[in-house]
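Trainee: Before we start, here is the structure in question, set down as structure tokens.
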């Protein structure tokens, strides 16, 4: 039997919810009130449909994935009840901890909405199980994917979500060098260890159009190659690559629409980006017959080049201004959910392919 992908996805979703609930993780203090006081507080006078939707939808994936994990394992009875109870306890813990954050306000309404969203998600999982959709997915997975596909599946599901965080280069995930240098300098300020940090002779320079083209092409190609590591046949790979490229373009357009407005959803699609996407499609086509181990090696090479180029460029001032829209506006709730994904996804993929290449596997030709 295949190990279910729902468990690691549920864990990842819980971690993201914790980050979003406790962001910005600063100014922790005891405000002299009981952390459970919000449970008996009167209902808030002001609320918006946006807040209601966010609280419902934020916990719906948690309930869905927890219930799906229990249903797929076939070891947990009352899967919906267990998922809802676990989600409610998670929400209670988050609201309680928010009592120690002056910038966050715990709310009994949020607790109810979060639990309701988790219940709705868990019911959807139960309904899909009863309708046979989950069993159909199992058969589909057996036909399309290798037995050890769980890690790749988790990464592929998270890739479009990671693209929702505004990137200075389209498809450019993992640009962390400049932020890491600044964070280290701030952490080591007023200590003798500050002099240990390497000092660059020149400042980071913006990417020229040719380098941007390569970054876009490799950023779009990497998830395709990652899928080739676990997909069985050439035809299946071809269909998969079309779906992944379309998902990447759609996620990038949605990110631009959220950042700059719906009228600018396609403003990022300039000439270097269009050429880069076309090059990614061409390379994905050429590499369709490569063996799974070879696909992992090509993924490693693409990740190394992509991250090397991307981290030699700074984030533009206009891009930094865009991030302030997310950090100070109503996107603050989404900021915590996708920021770390956008930074860390390529490095998680790098670790996955290194682990895959380190294992001894029999030669596995790709079927036509």
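The values are calculated or read from the model by the stated rules, or taken from the named source; none is laboratory data. The structure presented is a predicted model; accordingly, all values stated were derived computationally and were not measured. As a convention, Cβ positions derive from the backbone with ideal geometry for all residues, glycine included, and neighbour counts pool all protein chains shown.
Trainee: Exactly one condition in (1) under 26 Å from residue 8 (Cβ atoms); (2) surrounded by 11 or more Cβ atoms within 10 Å (Cβ to Cβ) is false for residue 130; which is it?
Mentor: Going through (1) under 26 Å from residue 8 (Cβ atoms); (2) surrounded by 11 or more Cβ atoms within 10 Å (Cβ to Cβ) one by one, residue 130 breaks only (2).
Trainee: Can you find, within the range 159-185, the residue that is nearest to the chain's Cα centre (by Cα) among those that are buried (at least 22 other Cβ atoms within 10 Å of the Cβ) and within 20 Å of residue 352 (Cα to Cα)?
Mentor: Among those that are buried (at least 22 other Cβ atoms within 10 Å of the Cβ) and within 20 Å of residue 352 (Cα to Cα), it is 162.
Trainee: Quickly run through the range 1-30 and pick out the residues that are exposed (fewer than 11 other Cβ atoms within 10 Å of the Cβ) and more than 26 Å from residue 57 (Cα to Cα).
Mentor: Listed by number, the residues that qualify are 1, 27, 28, 29, 30.
Trainee: Is it the case that some residue within the range 282-290 is in the same structural domain as residue 349 (by TED's automatic domain parsing), in contact with a strand residue (DSSP E or B) (Cβ under 8 Å, 6 or more places away or on another chain) and within 30 Å of residue 142 (Cβ to Cβ)?
Mentor: no
Trainee: Quick one: in the range 353-364, which of the residues that are surrounded by fewer than 20 Cβ atoms within 10 Å (Cβ to Cβ) and touching a helix residue (DSSP H, G or I) at 6+ places or on another chain (Cβ under 9 Å) is modelled with the highest pLDDT?
Mentor: This residue is 354.
Trainee: In the range 258-268, what residues are surrounded by 15 or more Cβ atoms within 10 Å (Cβ to Cβ) and part of a loop (DSSP other than H, G, I, E, B)?
Mentor: The initial filter retains those residues of the range 258-268 that are surrounded by 15 or more Cβ atoms within 10 Å (Cβ to Cβ), namely 258-260, 265, 268.
Listed by number, the residues that qualify are 265, 268.
Trainee: Filter the range 56-98 down to residues that are in a helix (DSSP H, G or I) and either on the phi > 0 side of the Ramachandran plot or in contact (Cβ under 8 Å) with a residue 40 or more places away in the chain (or both), then give me how many there are.
Mentor: Residues of the range 56-98 that are in a helix (DSSP H, G or I), as a first pass: 56-73, 79-98.
Add one more test, that the residue is either on the phi > 0 side of the Ramachandran plot or in contact (Cβ under 8 Å) with a residue 40 or more places away in the chain (or both), and what stays is 56-69, 71-73, 79-80, 83, 90, 94-98.
Here the count works out to 26.
Trainee: Given the condition outside any helix (DSSP H, G or I) and touching a residue at least 12 places away in the same chain (Cβ under 8 Å), answer yes or no: does some residue in the range 177-200 qualify?
Mentor: yes
Trainee: Determine whether residue 142 is crowded, with 17+ Cβ neighbours inside 10 Å and either part of a helix (DSSP H, G or I) or out of contact with any strand residue (DSSP E or B) (no Cβ under 9 Å at 6 or more places or on another chain) (or both). Please lay out each step first, then the result.
Mentor: Numbers: crowded, with 17+ Cβ neighbours inside 10 Å: no; either part of a helix (DSSP H, G or I) or out of contact with any strand residue (DSSP E or B) (no Cβ under 9 Å at 6 or more places or on another chain) (or both): yes.
No, not satisfied.
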